[in-house]
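> Structure below; questions to follow.
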Amino acid sequence: MSAHAERIAAIVLELAKRKMALAQPMQRKELSELEARQGITLPEELRDFVLLAGASSSGPGFGLMSPAEAMSRNPKAAPRDPFPFSTAQANAIGRERLIDKNEHAMLEGWTMPGTLTLAGHGCGWESAIVVTGEQRGFIWYGGDGWWPEGRVLGRGRGRRFEQLGFLDWYERWLDRNIN
């Protein structure tokens, strides 16, 4: 049983209550073959989700893409290449965007190596999960620039930025779309 099985089951239940779309889960063999062709292994939370819940679903933006759709969507993307930013850089950008309210804080570039698109948001903007390097498993948002998805914790001078992994990102979307 997956370490994330309870959280994933709660997501599936919430999607069913809201009558939201959820594709069939992927077969382990199918996912392993897809990963082998790309030279990557999906981060654990996403891998568990597509194996236990569904390959794609309602979700942020225009919906959660299946790994197969994401891998075929942008042939120039290079998910197996090293992700170019460190956790220290991610935290600095996240803090500047969310705590200091600088909406221009981002890292330049249209495609981000070491990522796999999760959801399109229109006009070239997307949410992607990092699949290589120390940022593996964290969500980044981008288009003509990129920044880490996250939230602010604490108050006053003790505020800090915390990045979101796949399940936190997806649950945040569910929480924001209750009605």
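> Looking at the structure I just gave you, is residue 77 of a type in the set (A, V, I, L, M, F, W, C), at pLDDT 85 or above and either buried (at least 16 other Cβ atoms within 10 Å of the Cβ) or part of a strand (DSSP E or B) (or both)?
Against the criterion (of a type in the set (A, V, I, L, M, F, W, C), at pLDDT 85 or above and either buried (at least 16 other Cβ atoms within 10 Å of the Cβ) or part of a strand (DSSP E or B) (or both)), residue 77 does not qualify.
Residue by residue, here is whether (1) in contact (Cβ under 8 Å) with a residue 12 or more places away in the chain; (2) surrounded by 20 or more Cβ atoms within 10 Å (Cβ to Cβ) holds:
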{"site": "4", "(1), (2)": "yes, yes"}
{"site": "10", "(1), (2)": "no, no"}
{"site": "15", "(1), (2)": "yes, no"}
{"site": "29", "(1), (2)": "no, no"}
{"site": "32", "(1), (2)": "no, no"}
{"site": "36", "(1), (2)": "no, no"}
{"site": "54", "(1), (2)": "yes, yes"}
{"site": "96", "(1), (2)": "no, no"}
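> Since residue 71 meets every condition but one in (1) crowded, with 18+ Cβ neighbours inside 10 Å; (2) within 29 Å of residue 177 (Cβ to Cβ); (3) modelled with pLDDT of 90 or more, which condition does it not meet?
(3)
> OK, next. Give segment 8-37 a look and list any residue that's of a type in the set (D, E, K, R), part of a helix (DSSP H, G or I) and in contact with a helix residue (DSSP H, G or I) (Cβ under 9 Å, 6 or more places away or on another chain), or say none.
Hits for segment 8-37 are 14, 28, 30, 35, 37.
> Hey, among 142, 154, 133, which residue is in contact with a strand residue (DSSP E or B) (Cβ under 8 Å, 6 or more places away or on another chain) and either buried (at least 19 other Cβ atoms within 10 Å of the Cβ) or under 24 Å from residue 50 (Cβ atoms) (or both)?
142
> To continue, here is another question. Of the residues in segment 38-50, how many are surrounded by fewer than 18 Cβ atoms within 10 Å (Cβ to Cβ) and under 18 Å from residue 168 (Cα atoms)?
1
The values are calculated or read from the model by the stated rules, or taken from the named source; none is laboratory data. These figures come from a predicted structure and were not determined experimentally. Ideal geometry is used to build each Cβ from the backbone, glycine not excepted, and the neighbour counts take in all protein chains shown.
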